[in-house]
1. Output the number of the condition that A:ALA97 fails; it satisfies all remaining conditions of (1) over 30 Å from B:GLY18 (Cα atoms); (2) more than 10 Å from chain B (Cβ to nearest Cβ); (3) surrounded by fewer than 17 Cβ atoms within 10 Å (Cβ to Cβ).
2. Can we say B:ILE15 is without any contact (Cβ under 8 Å) to a residue 24 or more places away in the chain, within 7 Å of chain A (Cβ to nearest Cβ), under 27 Å from B:GLN172 (Cβ atoms) and among the aliphatic types (A, V, I, L, M)?
3. Would you check if B:ALA48 is farther than 26 Å from A:SER91 by Cβ and more than 18 Å from the chain's Cα centre (by Cα)?
4. Failed condition for A:VAL108, given (1) among the hydrophobic types (A, V, I, L, M, F, W, C); (2) over 17 Å from A:SER146 (Cβ atoms); (3) in contact with a His (Cβ under 8 Å, 6 or more places away or on another chain), with all others met?
5. Can A:PRO87 be described as over 21 Å from B:LYS104 (Cα atoms) and facing chain B (nearest Cβ under 10 Å)?
6. Could you go through region B:36-54 and let me know if any residue there is at the interface with chain A (Cβ under 7 Å from one of its Cβ atoms), under 21 Å from A:LYS84 (Cα atoms) and free of Cβ contacts under 8 Å to residues at least 60 places away in the same chain.
7. Just checking, does region A:89-100 include any residue being small (Gly, Ala, Ser) and in a helix (DSSP H, G or I)?
8. Please count how many residues of region A:100-135 are over 12 Å from A:GLU61 (Cα atoms) and either at the interface with chain B (Cβ under 9 Å from one of its Cβ atoms) or buried (at least 21 other Cβ atoms within 10 Å of the Cβ) (or both).
Number of protein chains: 2
Amino acid sequence: MQSLIDKIRSEASHIGDGILKVDGFINHQILPELTTEMGAVFAGKFRARGIGNASLVLTAEVSGIASALATAQVLGIPLVFARKRKPVTMSENCYQAETFSPTKNELVTLRVSSEFLSGRDRVIIIDDFLASAKTVLALAEIVRLSGACLLGVGCVIEKVFAGGREKLSALQVPVVTLAKIDLVDGNIRAFR
Amino acid sequence: MQSLIDKIRSEASHIGDGILKVDGFINHQILPELTTEMGAVFAGKFRARGIGNASLVLTAEVSGIASALATAQVLGIPLVFARKRKPVTMSENCYQAETFSPTKNELVTLRVSSEFLSGRDRVIIIDDFLASAKTVLALAEIVRLSGACLLGVGCVIEKVFAGGREKLSALQVPVVTLAKIDLVDGNIRAFR
């Protein structure tokens with residue numbers, strides 16, 4: 001997605017340890033036009049891989065929500081965001097799996113209520129980054145626990161140096177990303 | 001917004017202490033069509049009150065993001081979501097204010113980076129609930145600290161029994177909500 005690659009080239013910075021600062025368009029400020037395009041491109045890439053009948057988009061709060069909602073808008077299906085902390089409104093019956101947050105440096109338990117994910121669902125997972133793949137694998141575990149069928153995974157930015165794509169190969173579903181980045185002498189290189 | 005009122009009537013439940021369970025369309029699962037309509041109705045209501053030149057939509061993570069993004073999509077302006085926990089990517093230069101989370105029963109510090117909010121901005125605040133108004137007042141304090149101009153406030157569901165609208169009167173800006181609810185013998189009554 002060229003507009004995203006351009007944005008990464010002009011605005012993203014590497015703050016060390018492979019962590020990218022993309023506050024201007026993913027983690028803090030959201031640009032509607034860019035985000036709407038992300039949804040359309042994800043939907044198109046899934047369609048091109050024969051995935052046309054998903055029933056649900058699944059993401060993890062917080063930074064996955066915008067691009068996941070844009071995808072759900074194009075596909076016309078609900079979005080569920082896994083909660084990182086259990087609000088009092090959440091059902092006791094939930095599927096859960098652990099991940100790790102590199103930007104907050106802590107273990108996080110993701111939870112999805114069984115009210116909104118069932119064995120009848122056909123699920124697409126969307127997240128902001130594909131790095132170590134821990135969050136996507138936790139979401140995939142939640143899908144597995146629910147008995148739903150995982151159809152595909154989409155991540156906005158793929159850190160190719162982090163090896164996440166290899167870790168997702170066991171899922172045996174298409175993995176699509178909108179921009180890839182590598183680090184060359186500590187500098188970000190963004191490409192298709 | 002009739003479709004939202006219908007949804008509240010058919011799905012929302014009162015779990016006690018004035019807290020609503022609206023996981024099916026606001027706090028956990030998001031319905032794109034309903035959410036897109038929320039954005040269009042917010043934009044129309046602001047326009048009807050003479051607010052047509054906002055530069056930024058401001059909300060608080062997590063549950064405000066979807067309806068705020070839908071509003072930003074219609075208005076064609078960026079969305080900034082205040083962070084509740086400071087990620088390592090966040091600038092040290094940020095505006096902050098305290099609020100209270102009733103669903104997590106704790107004080108929360110909201111932070112917005114000065115990179116994405118300045119004295120030149122004309123801001124609309126969007127949030128999911130108007131109850132005690134603490135979160136909206138914290139966001140309004142962040143707008144004040146930045147020197148930006150607050151143009152209006154929009155909340156998806158107004159709990160009229162919680163008195164938040166009166167607490168916002170000092171802001172002297174239009175406050176629009178998409179559905180009002182009251183409790184009658186502990187049962188939810190939803191209306192315009």
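FYI, it's all coordinate maths here, none of it is from the lab. Note that the structure is a prediction, hence the values are computed from the model and not measured. Every residue, glycine as well, gets a Cβ built from its backbone with ideal geometry; the counts of neighbours run over all protein chains shown.
1. (3)
2. On the way: without any contact (Cβ under 8 Å) to a residue 24 or more places away in the chain: yes; within 7 Å of chain A (Cβ to nearest Cβ): yes; under 27 Å from B:GLN172 (Cβ atoms): no; among the aliphatic types (A, V, I, L, M): yes.
In short, no.
3. Yes; evaluated as a whole, the condition is true for this residue.
4. Only one criterion in (1) among the hydrophobic types (A, V, I, L, M, F, W, C); (2) over 17 Å from A:SER146 (Cβ atoms); (3) in contact with a His (Cβ under 8 Å, 6 or more places away or on another chain) is unmet by A:VAL108, namely (3).
5. Here the answer is no, as A:PRO87 does not meet what is asked.
6. Applying the first criterion (at the interface with chain A (Cβ under 7 Å from one of its Cβ atoms)) to region B:36-54 yields B:36.
From the residues that got through so far, the ones that are under 21 Å from A:LYS84 (Cα atoms) too are none.
The answer is no; no qualifying residue exists.
7. Here is the first cut: in region A:89-100, the residues small (Gly, Ala, Ser) are A:91, A:97.
Add one more test, that the residue is in a helix (DSSP H, G or I), and what stays is none.
There is no residue in region A:89-100 that is small (Gly, Ala, Ser) and in a helix (DSSP H, G or I).
8. Step one: filter region A:100-135 for residues over 12 Å from A:GLU61 (Cα atoms), giving A:100, A:102-107, A:113-125, A:129-134.
Then drop every residue that is not either at the interface with chain B (Cβ under 9 Å from one of its Cβ atoms) or buried (at least 21 other Cβ atoms within 10 Å of the Cβ) (or both), which leaves A:102-105, A:113, A:115-117, A:121, A:123-125, A:129-131, A:133.
Selection size over region A:100-135: 16.
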